[in-house]
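To start, the structure itself, in structure tokens.
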Amino acid sequence: MADTDNSNSAGGNGANGTSSPPPPPQGNTVMNHLLANKVETLLWLTRIFTVVSTIMFLLPIFGGNPYSLYQRALIASAATSALRLHQRLPTVQFNMDFLRRLLTEDSCHYLFFALLFINSYPITMAVVPVFLFALLHACSFTKALLNTMGPQSMQFLRNMIGKLEQQQVNILRFIACNEIFLMPAVVVMVFSGKASFFIPFVYYRFLTLRYASRRNPYCRTLFTELRMTVEYLCSKPQCPQFVRNLCFRAIAIISRMAPVVAAQ
């Protein structure tokens with residue numbers, strides 16, 4: 001009976017009597033994925049650094065110099081944008097066509113943005129968009145890592161990423177709103193002595209690039225929705241005439257300053 005049991009056990013390992021190889025350890029699978037996607041891994045690390053630095057800047061209970069944390073968040077964001085820009089346009093050319101293509105890239109816009117505010121007085125509204133963009137993109141790569149670990153790995157983290165992805169459109173709209181209202185905030189800071197006089201002019205150029213963005217239409221959409229909302233409120237009889245005139249003049253000025261956008 002013992003011989004029979006042993007022969008059955010041996011035969012059950014496979015049709016040819018050979019056993020299937022064990023699955024590779026999860027740690028090796030994740031490491032292989034990281035090594036196979038070196039640039040994406042580096043982008044993931046710089047985005048994580050941006051997220052952590054921003055949280056430590058916004059929540060001073062963790063300690064550290066707020067100005068230093070503010071700068072670190074923007075430096076990491078600039079590094080992310082530079083790497084992403086290198087992915088999109090790997091070959092540098094010294095001609096107008098390359099410059100036009102460069103200025104249409106969202107990563108170029110936010111490299112410009114980070115360099116503009118990196119040495120300024122710490123502005124919370126300046127780190128909010130880089131924090132949210134870093135969080136969204138870091139979650140995408142984290143989800144890919146979780147998939148290499150197995151479909152049921154770290155379910156609580158998967159649920160958090162899933163909830164964040166459900167709010168992606170709202171987050172992108174909030175970023176666009178932040179980009180728009182950062183302009184008057186910068187102007188106020190100039191008059192309070194907390195920002196350089198040239199920053200509003202340079203930021204206006206950034207805002208026109210975001211308005212004309214091909215990949216992210218939310219800034220343009222928010223401008224349109226804000227204009228329609230103001231026009232609706234000003235058309236009500238309860239609105240004083242001088243407020244109505246002031247708002248319509250402001251709308252006319254902003255509309256003239258908006259760049260011409262080609263049909264998408």
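The values are calculated or read from the model by the stated rules, or taken from the named source; none is laboratory data. Owing to the predicted nature of the structure, the values given are computational and were not obtained by experimental measurement. Cβ sites come from the backbone with ideal geometry, for glycine too, and all protein chains shown count toward neighbours. Ligands, DNA and RNA are stripped out before the accessible areas are found, and what is left, the full protein with its side chains, is counted by its heavy atoms. Shrake-Rupley method; radii C 1.70, N 1.55, O 1.52, S 1.80 Å.
Count of the range 129-161 residues, restricted to those that are part of a helix (DSSP H, G or I) and touching a residue at least 40 places away in the same chain (Cβ under 8 Å), is 15.
Only one of the numbered conditions (1) free of Cβ contacts under 8 Å to residues at least 12 places away in the same chain; (2) outside any loop (DSSP other than H, G, I, E, B) is not met by P90, and that is (2). Residues that are among the aliphatic types (A, V, I, L, M) and either under 27 Å from the mean Cα position of the chain (by Cα) or closer than 26 Å to S107 by Cα (or both) are absent from the range 229-238 altogether.
Restricting the range 55-82 to residues that are modelled with pLDDT under 90 and in a helix (DSSP H, G or I) leaves a set whose member that is farthest from C108 (Cα to Cα) is I61. If you check every pair at least six apart or on different chains, which have Cβ atoms under 8 Å apart with a residue in the range 219-230 that is in contact (Cβ under 8 Å) with a residue 24 or more places away in the chain and part of a helix (DSSP H, G or I) first and a residue that is among the polar types (S, T, N, Q) and open to solvent by 50 Å² or more (accessible area, probe 1.4 Å) second? Between residues of the range 219-230 that are in contact (Cβ under 8 Å) with a residue 24 or more places away in the chain and part of a helix (DSSP H, G or I) and residues that are among the polar types (S, T, N, Q) and open to solvent by 50 Å² or more (accessible area, probe 1.4 Å), the close pairs are R227/S255.
Just wondering, is there one or more residues in the range 197-213 that are assigned to a loop (DSSP other than H, G, I, E, B), surrounded by fewer than 11 Cβ atoms within 10 Å (Cβ to Cβ) and either out of contact with any strand residue (DSSP E or B) (no Cβ under 8 Å at 6 or more places or on another chain) or charged (D, E, K, R) (or both)? Yes, the range 197-213 contains at least one residue that is assigned to a loop (DSSP other than H, G, I, E, B), surrounded by fewer than 11 Cβ atoms within 10 Å (Cβ to Cβ) and either out of contact with any strand residue (DSSP E or B) (no Cβ under 8 Å at 6 or more places or on another chain) or charged (D, E, K, R) (or both). Can you name the residue in the range 42-57 that is touching a residue at least 40 places away in the same chain (Cβ under 8 Å) and aromatic (F, W, Y) and is also most open to solvent (accessible area, probe 1.4 Å) among such residues? Selected residue: W44.
The set of residues in the range 71-86 being over 30 Å from V188 (Cα atoms) and either touching an Asp or Glu at 6+ places or on another chain (Cβ under 9 Å) or open to solvent by less than 40 Å² (accessible area, probe 1.4 Å) (or both) consists of R84, L85. State which residue is least open to solvent (accessible area, probe 1.4 Å) when the search covers only the range 107-128 and only residues that are under 16 Å from F197 (Cα atoms) and among the hydroxyl-bearing types (S, T, Y). Out of the qualifying residues, it is S120. Just to be sure before I move on: is P90 within 27 Å of S213 (Cα to Cα) and at pLDDT 95 or above in the structure I sent? No, not satisfied. Output yes when any residue across the range 98-105 is touching a residue at least 40 places away in the same chain (Cβ under 8 Å), within 21 Å of the chain's Cα centre (by Cα), buried (at least 18 other Cβ atoms within 10 Å of the Cβ) and in a helix (DSSP H, G or I), and no when none is. No, that holds for no residue.
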